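Before any comments, here is the structure.
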Amino acid sequence: ACLETLAVIAYRQPVTKGDIEALRGVKCDYTVTTLVNRGYIQEVARMDTPGRPILYGTTDLFLRSFGLSVIEELPPLNIEQK
């Protein structure tokens, strides 16, 4: 669950928890909290909409852990459109 959530955030950042949940189809409160506590993601901003949801992005620890210098080094997604 953590790796899947981390991948969603890495490729779609900045992203809200609601966006992650909509994509994954499950709640992700615990997973997001775990990733924040471990330093892989962080709050990067808040949306200017009602409720001001948090926008999450990856951290330098994420980049170092996956051997990346910049986020653009992530491999491209090959998503089959239905």
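Brief remarks follow.
- Selection from region 45-68 of residues that are closer than 17 Å to L3 by Cβ and surrounded by 13 or more Cβ atoms within 10 Å (Cβ to Cβ): Y56, G57, T58, T59, L61, F62, L63, S65, F66, L68
- Evaluation of Y11 against the conditions (1) open to solvent by less than 70 Å² (accessible area, probe 1.4 Å); (2) closer than 26 Å to G67 by Cα; (3) touching a residue at least 24 places away in the same chain (Cβ under 8 Å); (4) not in a strand (DSSP E or B) shows that the sole unmet condition is (1).
- Considering residues of region 1-21 that are touching a strand residue (DSSP E or B) at 6+ places or on another chain (Cβ under 9 Å) and hydrophobic (A, V, I, L, M, F, W, C) only, the residue nearest to Y56 (Cα to Cα): V15
- Test for Y40: is it modelled with pLDDT of 95 or more, within 11 Å of the chain's Cα centre (by Cα) and open to solvent by less than 70 Å² (accessible area, probe 1.4 Å): yes
- Cβ pairs under 6 Å, 6+ apart, first in region 23-44 and under 12 Å from C2 (Cα atoms), second basic (K, R) and part of a helix (DSSP H, G or I): V32/K17
- Test: L3 is more than 12 Å from the chain's Cα centre (by Cα), of a type in the set (A, V, I, L, M, F, W, C) and either in a loop (DSSP other than H, G, I, E, B) or exposed (fewer than 14 other Cβ atoms within 10 Å of the Cβ) (or both): no
- Qualifying position, being part of a loop (DSSP other than H, G, I, E, B) and under 14 Å from I9 (Cα atoms), among G67, G51, G39, G57: G39
The values are calculated or read from the model by the stated rules, or taken from the named source; none is laboratory data. Treat the numbers as computed from the prediction; the structure is a model and nothing was measured. Reconstructed Cβ throughout: ideal geometry from the backbone, glycine too, with neighbour counts over all protein chains shown. To get the accessible areas, we keep the full protein, side chains included, count just its heavy atoms, and leave off ligands, DNA and RNA. Shrake-Rupley method; radii C 1.70, N 1.55, O 1.52, S 1.80 Å.
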